[in-house]
Every structure is written in structure tokens, then in C-alpha cells.
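Report on the structure given below.
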Amino acid sequence: MDIVTSKNGVSIRLTEERWIHITEEHSEMAGYYFEVLETVEEPEAIYEGKIGECIAVREIEKGNILQ
């Protein structure tokens, strides 16, 4: 499990169980684990979701996966 701090100072945990859930629903995200964590810490933009949640966004070039 990894923990990062969001732009608004909240600690965000990405557990193995959560990551499996994410990649089962969004198979295109497989291989982007560290990019997801980096996006939470340093997003290009933050949008408000439908129920008040914050959605961090960052563009990542396809095939530019960190190993």
C-alpha cells in the first residue's frame, strides 16, 4: 500500500485491493500505478465530481510507462 498527499493536504491510500478493483473496471489503467499516485500529488487539473468528490487529472503519453 502506498500513501500520497493530495493538493488539499489529505493523505490518500492506494491499497492493493483498491488497485485491483480499479484495473478490473478500467483495464487500460494497468501499468499506470505510479502515474496514478503522481497524479494525486501533482495533478494538471482538479475537477469536482458529481457527488462533491475531487477528481485529479493529468495527461500521460501512451507507452510512456515508468518501470
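For this structure, a couple of remarks:
- Helix-only mean residue ellipticity at 222 nm for the chain, each DSSP H run of n ≥ 4 adding -39500 (n - 2.57), per residue, nearest 500: -8000 deg cm²/dmol
- Neighbour-limited loop hits for GluC sites (Glu not before Pro), the chain (at most 13 other Cβ within 10 Å; DSSP other than H, G, I, E, B): 44, 53, 59, 61
- Length-normalised contact order for the chain - Cα pairs under 8 Å, 6+ apart - percent: 26
- Sparse packing (at most 16 other Cβ atoms within 10 Å of the Cβ) combined with a DSSP loop state is found for the following trypsin sites (Lys or Arg not before Pro) in the chain: 7, 50, 58, 62.
- Solvent-free Debye scattering, log10 I(q)/I(0), computed from the Cα coordinates of the chain at q = 0.13, 0.14 Å⁻¹: -0.37, -0.43
- For the range 36-53, putting each phi into the Karplus relation 6.51 cos²θ - 1.76 cosθ + 1.60 with θ = phi - 60° gives couplings of 5, 4, 4, 5, 5, 6, 9, x, 7, 8, 10, 10, 8, x, 5, 10, x, 6 Hz, in residue order, rounded to whole numbers and with x for Gly and Pro.
- Note, ³J(HN,Hα) from phi for the range 17-24, Karplus 6.51, -1.76, 1.60, rounded to Hz, x at Gly and Pro: 4, 5, 5, 4, 4, 4, 6, 5
- Cβ-placed point charges (K, R +1; D, E -1), dipole of the chain about Cα centre in debye, nearest 20: 160
Computed from the coordinates by the stated procedures, all read-outs in this text should not be read as laboratory data. None of these values were measured; they are calculated from a predicted model. In this analysis, Cβ positions are derived from the backbone assuming ideal geometry, glycine residues included, and neighbour counts consider all displayed protein chains.
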